[in-house]
Amino acid sequence: MNMKNEAGSKDVPAAVREDSDIVQILDAEGDVLPQASVPDISDRQLLELYETIKLARHFDQRAISFQRQGRLATYAPMTGQEGSQVATSLALAEQDWLFPTYREHAAKYAHGMDLASLFEPLRGHREGYAIPEDVNVMPEYIPIATQVPQAMGMAWGHKLQGKTDTAVLCHLGDGATSEGDFHEGLNFAGVFDVPAVFVCNNNQWAISVPRERQTASETIAEKAQAYGIDGVRVDGLDPLAVYKVASEALEKARNPGPGELRPTLIESVQYRFGAHTTADDPSVYRDESEEEVWRDRDPVDRIETYLYNEGILDSDLESEIQDRIEQEVSEAIETAEQTETSPDNIVEHVYEDVPARLEQQRDELNRLREKYDDGAFSEVLE
Amino acid sequence: MNMKNEAGSKDVPAAVREDSDIVQILDAEGDVLPQASVPDISDRQLLELYETIKLARHFDQRAISFQRQGRLATYAPMTGQEGSQVATSLALAEQDWLFPTYREHAAKYAHGMDLASLFEPLRGHREGYAIPEDVNVMPEYIPIATQVPQAMGMAWGHKLQGKTDTAVLCHLGDGATSEGDFHEGLNFAGVFDVPAVFVCNNNQWAISVPRERQTASETIAEKAQAYGIDGVRVDGLDPLAVYKVASEALEKARNPGPGELRPTLIESVQYRFGAHTTADDPSVYRDESEEEVWRDRDPVDRIETYLYNEGILDSDLESEIQDRIEQEVSEAIETAEQTETSPDNIVEHVYEDVPARLEQQRDELNRLREKYDDGAFSEVLE
Amino acid sequence: MSSTASTQAGQKAQSLTLVEAIQDGLYTEMAQDDSVVVLGEDVGKNGGVFRATDQLYEEFGEDRVIDTPLAEAGIVGASIGLSQTGMKPVPEMQFMGFMYPAFDQIVSHAARLRSRSQGQYSVPMVIRAPYGGGIRAPEHHSESKEAFFVHEPGLKVVSPSTPYDAKGLLAASIHDPDPVIFLEPKLIYRAFREDVPTKPYEVSLSEAAVRRDGSDISVYTWGAMTRPALIAAENLSQSRGIDAEVIDLRTLSPLDTETITDSFKKTGRAAIVHEAPKTGGLGAEIATTIQEEALVHQEAPIKRIAGFDAPMPLHSLEDYYLPQAVRIQDGIRETVEF
Amino acid sequence: MSSTASTQAGQKAQSLTLVEAIQDGLYTEMAQDDSVVVLGEDVGKNGGVFRATDQLYEEFGEDRVIDTPLAEAGIVGASIGLSQTGMKPVPEMQFMGFMYPAFDQIVSHAARLRSRSQGQYSVPMVIRAPYGGGIRAPEHHSESKEAFFVHEPGLKVVSPSTPYDAKGLLAASIHDPDPVIFLEPKLIYRAFREDVPTKPYEVSLSEAAVRRDGSDISVYTWGAMTRPALIAAENLSQSRGIDAEVIDLRTLSPLDTETITDSFKKTGRAAIVHEAPKTGGLGAEIATTIQEEALVHQEAPIKRIAGFDAPMPLHSLEDYYLPQAVRIQDGIRETVEF
Ligand SMILES: Cc1ncc(C[n+]2csc(CCOP(=O)(O)OP(=O)(O)O)c2C)c(N)n1
Ligand SMILES: Cc1ncc(C[n+]2csc(CCOP(=O)(O)OP(=O)(O)O)c2C)c(N)n1
Ligand SMILES: [Mg+2]
Ligand SMILES: [Mg+2]
């Protein structure tokens, strides 16, 4: 049973073993596995994949440290999961849509969102969720699994309108598979055969709850059968394997071959290297040594080794990239720190037009802000 | 694909074919299939099974006709499904619990509820849901699938308290499998390995929605895999097969063998011979001829033939039984028609004690009832 | 069931029941705008359990009138997704009592996507649901919990009380850029007929309707309770010379507080009639708004004539649970004679 | 986190924060009564995301402090089932904003099984949930929708504002034979400490608490808003000689209308403070009840000082959304000076 391994025991993780039911291209070191077929990716694309994964790792470290300094609110780290996030997003066509959760920072960035906008909500401003017209990303979903039926619906809308060149990729966690919304969304996807790809980022934990307490099924991928859709497992720490699986699933979503179904549930087998969020302390509920077997398969190291092996990357280029991403992240946080929001914003965008009563409420607030001063509003909150 | 057949096309229903994945004992006529192993049931029990199924059929006919006369409100018929209902209930031990839906009249009766109480809610009185202490039946569930997590919870409570001699049997429809509550309940059942048996009465229709529009999975039984529990399909028009499958599942729930799991999802493949309810007109959405292939496998005829074949039943006994059940149903409706409820009842049993405000509301109602008269309350409703 | 508008093209108006007006309204909007789709349980081939979507499947086909699996969160969640692709979904919840599985999708998502995204995304969608009691229905089929939705910013809540309004409010709801909870009083689905224009028209979502002018007391109500309120007013006018103004709110969120308070300023007395449990019902919001805006005019306590703080009983007692003309009359008299 | 009651057996009282008092209350009840079980997401090994169930897993084991899959309807549904076997489940919803997936199980089932079965079955269960804003939390983490549950007959709704009350109200809720929605004001989870008896005790579910006596105006509030209301009252007493009576409702359903109206009869003026959106909030019910019962005493419009009719903004603006002492003071003055 794979379950035992995935559950976070110290055994070799399922993703490591030469398992026939899991797609892998790179071994733990980043060398191509015998018989693996490397997807057809240009050097330019490979470097983009690499740079974006590196950026994600750096972003994560900076965000955690900013949070510790009180410059950001609660942040959900992605270390260990960036490889899968970036690979799935780079597999998307520009017109494809992305449904992220609170953890898919890198997936959003890789599908076109700018870095500063990722920081804004963490600084208490909704501006970052006002995604530009030309970026096909939904604001992140915090209520677990609620995005699944919505992603299904969007894919369905495209199909009903004949726009089957557009696929929808929907992220969710292993914990999310227990929610009713997961079930209802995937069941609809099967019945209406919509161009959607559901990526379950099985990072073995839902906060403190291990995978085997989440469900008694052996794998998450096999849940696809209950919906009459395809299920596939992939080594989520192997960016090339994820890219391959996601590309194929997206292609099938848009142009299913004869007898093929559009929707796919991808179980991307990963591990949450860090805490659930900066408010969480994993040492309370899990053994830190469990992390080690997964750290040995770090997606950043593996893709880096692969690129060195292929002669696409050398140390000069590596440090050039490193400099560039550090600067990009620094600039983003600077930009985000300049965002300001007016209290008037509270009443805006609730409806297309501000209803009379809400206008009164804003006027009343502004009357008080004038009468007293803004400082008075944070005086005695606690 | 079985799907096509179950979906209500005119093809031979899945339950008919010599399908290795479906449990059958009797053929369409009621003769024992070659290689079928008849469960060990005494003649007395077989006659009880027969009589109860006959009673259910008769109950159904009377209820429909009472409803037409305006003596009952909307009624959900069970013709074609009584065999499975009665067989599952007779498989229960007395201490086992039953979670019925609005359609399991016969299942409730066969597990100890008296017939009159079945009519009471249909006459607008909740009394029938005040189930006596010694009858282990929950009031029927109308919101679809909501009983599933509750049945899981009850089974779990018994297990946590070491009462594993008590199993819980939970009915649900094919439509119910699409609801989030089905998923969450079964997933919990798998994770906590509880002594529960979930019986999906797949009668091919959820009001006007055919089985293949409900889900793209080939069978309902295979959904069990997503929860790491056992799934089994049975010919739901074969009372012996249902009895066998339900008994085995219940036994396994109470005393799982080594490596066995307690919970089971049984897909009891049936057909809704009649309308969804007396308010429904199936001719609007389905071809009546589809019914015929199923009518040929009528559970009443099959069990009757079997008993004749076995020499357990003869025509004298048959008409004695028929007389008895007609009288029993007549008496029940008479009793039910005598039930009266006082308007005071509205405020009772909302909480253990009637809150002050609710008492005031009752007093106000009674003041009005005295001042005007009861007739005034139904005058201008429409 | 009346024939659809298409077959009546020559006429200016048809005499329709409320549920027929809904059907006609859906038909009219779908004929005008390809992006409007209807989806839900039994809305397609079956034409809806109340026939509100009758003939639409035949007329517009299975890609626009869609029978879905039995899953309310799925239906609403999918509709939110559909609405992101330029479509205008009109999902049906078969009964209001079966909206609760979709509650999270409604309040956490449909209501908030606009503000979450600072106006970048929105959810133009109309969730239709029959609601209220009085039809001898089984348990859970008589819910009247409009107050839940009124308390969620970002939603509009509408309930028609006449066939004319039903079609016009439905049109306005479908054209509205924000999510609308459209509650249909099933007790009066077929209670009476009214002339309903065949041509498209809107009834504004921002105006309550004064159904009866009066000077002694303002009676606020909506949906199925509008009729007994009007009957009570008529009776009291004849028997006691009490002249009640009856206001049908029509749109329950946002409330037309202007019409509400204007009437009260004239009468100084009020009664509110609703089916929902009294405590925490919309009556409380109306009464509080009145005393906030017009206390100086108030001459008597505002009376709430409402359902009990108890679950709806089975049908043998529902006539006692629901506000009837007799209760309304008594409440009005008490308030006027205070 | 303080140590558990067991390790403090010698003492009569401990100085605890509100969240510690909850933990202590759960500990006390579980130690006394084997049938009490705690279940939910991260309540076991992790001790709850706010540490409200800290140490309970270690103390009572995995059969009584149960980490469940991530599924709120499953948790509440399972709890209803557990309660049928003589157990007293205390499920935790991780945040109030994540109760909505369980809404149907709560309102259609937990609230109604007693009346559906005419008293034959009941649901003794306490659903705990942290609620309210002010802690710089992400979206959906600051809900304050107590009004939803107050409008559902069959439920009790409780919200403590002090550590002492937290333990006592929790005990009373667990002993109560009916389902209780126990809302914990997370803003003040760790805001201050108070002596909390180590021994078991109850705070009645039927009595509001007068937190400050006064004669000029009655201020009604609950949960986290009790503190700014008291501060505002104190400030006004010192700066303007306005003497406000502050009433902490504690139990929101059923309401203690006696204490509410008695105070109002004395003061003739009232302000209600809550975090929830103003429209359809519990403030409306309180104001309406007052004018129903005590209109003759009313000298000014009852003022609602509440959240906006808008979703809770992200944290940079939450101080403007939530009623602060400054808003409360201003509202009280306006009402007193009316
Ligand atoms: C409906 C709902 N319930 C509970 C929560 C609180 N919560 C936030 S994240 C989380 C765990 C999610 O686990 P998983 O789906 O595996 O995603 P991961 O965080 O591991 O990426 C929980 C319980 C929530 N956000 N939404
Ligand atoms: C949550 C919910 N949604 C909708 C309904 C309305 N409804 C009543 S029965 C039914 C169909 C149920 O189909 P199925 O589960 O197959 O059971 P069957 O009636 O065939 O026995 C529907 C949609 C309901 N009762 N509850
Ligand atoms: Mg996870
Ligand atoms: Mg069915």
Q) In square nanometres, what is one fourth of the surface area of the convex hull spanned by the alpha carbons of segment A:37-180? A) 10.0
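Rounding to the nearest 20 debye, state how big the charge dipole of the protein assembly as shown is about its Cα centre with +1 on each Lys and Arg Cβ and -1 on each Asp and Glu Cβ.
Roughly 3100 debye, rounded to the nearest 20.
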Q: State the antiparallel share, in %, of DSSP beta bridges confined to the protein assembly as shown, rounding to the nearest 5.
A: 20
Q. By its C-alpha gyration tensor, with a ≥ b ≥ c as the square roots of the eigenvalues, how is segment C:225-338 shaped: rounded for a/c under 1.5, else prolate for a/b larger than b/c, else oblate?
A. oblate
Q) Going by the alpha-carbon gyration tensor, a ≥ b ≥ c the square roots of its eigenvalues, is segment A:115-236 rounded (a/c under 1.5) or, if a/c is not under 1.5, prolate (a/b greater than b/c) versus oblate? A) oblate
Q.
Given N residues in segment B:2-338, what is its alpha carbon radius of gyration divided by 2.2 N^0.38 Å?
A. 0.93
Q.
With bins 10 Å wide starting at 0, give me the P(r) of segment D:1-121 over every alpha carbon pair, in whole percents.
A. 13, 41, 32, 13, 2
Q.
Among C:THR257, A:TRP156, B:THR177, whose Cα projects farthest towards the positive end of the dipole of the protein assembly as shown, with charges put on the beta-carbon of Lys, Arg (+1) and Asp, Glu (-1)?
A. C:THR257
Q.
Treating only the Cβ of Lys, Arg, Asp and Glu as charged (+1, +1, -1, -1), what charge dipole size does chain D show about its Cα centre? Round to the nearest 20 debye.
A. 260
Q) Cα-based Rg (one decimal) and Dmax (whole number) for segment C:104-263, in Å? A) 16.8, 57
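Under 1.5 on a/c is rounded, so check that first for chain D, then, if it is not, pick prolate when a/b is larger than b/c and oblate when it is not; a ≥ b ≥ c are the square roots of the alpha carbon gyration tensor eigenvalues.
prolate
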Q: Compute the long axis of helix A:239-254 from its Cα atoms, compare it with the longest principal axis of the Cα atoms of chain A, and write down the angle in degrees, 0 to 90, nearest 10.
A: 80
Q) Local charge sum around D:VAL37 (other residues, Cβ-Cβ under 11 Å, Lys/Arg +1, Asp/Glu -1)? A) -3
Q) Any idea how far the Cα center of segment C:230-252 sits from the one of segment D:264-329, in Å? A) 31
Q: Binning at 10 Å from 0, report for the protein assembly as shown what percent of all alpha-carbon pair distances ends up in each bin.
A: 2, 9, 16, 22, 22, 17, 9, 3, 1, 0
Q: Before rounding to the nearest 500, sum -39500 (n - 2.57) across all DSSP H runs of length at least 4 in chain B and divide by the residue total; then give [θ] at 222 nm in deg cm²/dmol.
A: -12500 deg cm²/dmol
**Q.** Dipole axis of the protein assembly as shown (+1 Lys, Arg; -1 Asp, Glu on Cβ), positive-most option in A:GLY190, C:GLY61, A:THR74
**A.** A:THR74
Q: Taking just the C-alpha trace of segment B:205-286, give me its Rg and Dmax in Å.
A: 15.7, 51
Q. If you take the Cα Rg of segment D:243-292 and divide it by 2.2 N^0.38 Å, with N the number of residues, what do you get?
A. 1.09
Q: Give the Debye-formula value of log10 I(q)/I(0) at each listed q (0.13, 0.18 Å⁻¹), with one equal scatterer per alpha carbon of segment C:14-197, two decimals each.
A: -0.59, -1.19
Q: Take the alpha carbon atoms of segment A:203-349, find their radius of gyration, then divide it by 2.2 N^0.38 Å using N residues; give the quotient.
A: 1.41
Q: Could you work out which residue, out of B:ILE346, B:ILE142, B:ILE321, moves most in a Gaussian network model of chain B, that is, has the largest mean-square fluctuation with Cα springs under 10 Å?
A: B:ILE346
Q) If eta is 0.692 mPa s and T is 37 °C, what Stokes-Einstein diffusion coefficient results for segment D:167-227, Kirkwood Rh from Cα pairs, in µm²/s? A) 239
Q | Space enclosed by the convex hull of the alpha-carbon atoms of segment B:159-229, per residue, Å³ | A | 86
Q: Rounded to the nearest Å, what's the spacing between the alpha carbon centres of segment C:154-229 and segment D:95-126? Just the number, please.
A: 32
**Q.** Principal axis dimensions, largest first and in whole angstrom, of segment A:314-382 by Cα
**A.** 63, 33, 20
Q) Which distances, shortest first and in nm, link D:VAL296 to the matching position in the other copies, using label points set 7 Å out along Cα to C-beta? A) 2.5
**Q.** Estimated dipole of chain B in Debye, rounded to 20 [Cβ of Lys and Arg +1, of Asp and Glu -1, Cα centre]
**A.** 1080
Q. Sorted by average packing, counted as other Cβ atoms within 10 angstrom per residue and highest first, what order do A:96-109, A:233-246 take?
A. A:233-246, A:96-109
Q. Which distances, in nm and shortest first, link the A:LEU33 label point to the same label point in every other copy, taking 7 Å along Cα→Cβ?
A. 4.1
Q: State the residue of chain B whose Cβ is nearest the axis carrying B onto A, and the distance in whole angstrom.
A: B:GLY180, 1
Q) Label-to-label distances across copies for D:GLY119, with labels 7 Å out along Cα→Cβ, in nm, shortest first? A) 5.9
Q: Treating the angle as unsigned and between 0 and 90°, give the value, to the nearest 10°, between the Cα long axis of helix A:356-371 and the longest Cα principal axis of chain A.
A: 70
Q. Exposure proxy check: C:GLU152, B:GLU320 ranked by fewest other beta carbons within 10 Å?
A. B:GLU320, C:GLU152
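Roughly what percent of Cα-Cα pairs across segment B:259-305 reach past 17 Å?
Beyond 17 Å sits 55 percent of the P(r) for segment B:259-305.
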Q | Centroid-to-centroid separation of segment A:118-183 and segment B:329-378 [C-alpha atoms, Å] | A | 50
Q: Pick out, from D:VAL36, B:TRP294, A:THR166, the residue whose Cα sits farthest towards the positive end of the charge dipole of the protein assembly as shown, with +1 on the Cβ of Lys and Arg and -1 on the Cβ of Asp and Glu.
A: D:VAL36
**Q.** log₁₀ of I(q)/I(0) at q = 0.20, 0.28, 0.29, 0.31 Å⁻¹ - segment C:73-123, Debye sum with one point per alpha carbon
**A.** -0.66, -1.10, -1.14, -1.22
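Each value in this text was obtained by applying a stated rule to the coordinates, not by laboratory testing. Note that the structure is a prediction, hence the values are computed from the model and not measured. All Cβ positions, even for glycine, are placed from backbone atoms using ideal geometry, and neighbour counts span all protein chains on display.
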